[in-house]
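Just below is one structure, and these are the notes that go with it.
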Amino acid sequence: MPVILFAVLVVAVFTLLGTGVHYYEYGSLNWVFLLMALFLSTNLLIAGWEICLFLRRDHIKSRSEYWRDRQKETGRAPGIEFLTSRVSWRNMLSPTFWADVWAAYSLYDDAYTDRSTFGFNADTGNGFFTPIPTLVLYAALTTGFMPAIYTGILGLALFWQWTYVSSLYWVSFLIAGRQRRISKREVYAYVFSPNAFWIALPILGLYMSARLIIDGNYGVLGF
């Protein structure tokens, strides 16, 4: 199936699983919970890709040359071409296959071919250290299995680091002058827009987490 369809399905499964359990438990859904379910589900997918970034860090540099030559040959954006390519059943759990996410993206930001850069280390750190806290937070928001104040504290820790690191990535990208190596359309389409999701939704998550702590209940989520 196309890579983009596989990614959408993975996020959809995680999102629908949480919303289904939440609705079964409480008989209602609100927009804050739905957006948090979408964001946390997306982070679980991206974290898997970020682990592949670390595991295949040497492979990514050589593959970036392939995508550079491919772009010259076809004139197509590497990111779009990868997302519309097909992933086989055999490759669905292959770190080598998913490393191509970063090889294609490295044409917009070559930090991902250099393990000494902020972008490389920030993303690999997210990949290894946030999946378990993400699952715990998602389960707490879904079922309310632990006191709201503890959920809020965990949420503040996670959402603050997502907001801060994503903002700092933008800053590091601009300070390094990487925006001068690609077109403005590519900067906004492939660098700023995806990372805006990792700032806007965590800001909402910070508000939600603060309310959980201040209110001492899950009222902000409608239960």
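Details
- Of all accessible heavy-atom area on region 1-130, the percent that carbon and sulfur account for (1.4 Å): 64
- If R0 is taken as 22 Å, the Cβ-Cβ distance between HIS59 and ILE4 corresponds to a FRET efficiency of 0.50.
- Simple spin-label estimate for TYR150 and ILE80 in nanometres, 7 Å along Cα-Cβ: 4.9
- Spin-label model distance (nm) - ARG70 vs ILE203, 7 Å beyond Cα toward Cβ: 3.5
- Unit Cα scatterers, Debye sum, the chain: log10 I(q)/I(0) for q = 0.10 Å⁻¹: -0.49
- Ellipsoid semi-axes for region 3-50, based on the Cα gyration tensor and the rule √(5λ), read 22, 10, 8 Å when sorted largest first.
- Helical mean residue ellipticity (222 nm; -39500 (n - 2.57) per DSSP H run of 4+; nearest 500) of the chain: -24000 deg cm²/dmol
- Label point distance in nm, ALA12-LEU34, each placed 7 Å from Cα along Cα→Cβ: 1.6
- Solvent-accessible area per residue for the chain (1.4 angstrom probe, square angstrom): 50
- Relative contact order of region 44-169: 31 percent, from C-alpha pairs under 8 Å at least 6 residues apart in sequence.
- GNM remark for the chain: springs join alpha carbons under 10 Å apart, and the peak mean-square fluctuation among ASP109, ASP123, ASP58 falls on ASP58.
The values are calculated or read from the model by the stated rules, or taken from the named source; none is laboratory data. Not measured: the values here are computed from a predicted model. Reconstructed Cβ throughout: ideal geometry from the backbone, glycine too, with neighbour counts over all protein chains shown. Areas reflect the complete protein model, heavy atoms only, side chains present, ligands, DNA and RNA absent. Shrake-Rupley method; radii C 1.70, N 1.55, O 1.52, S 1.80 Å.
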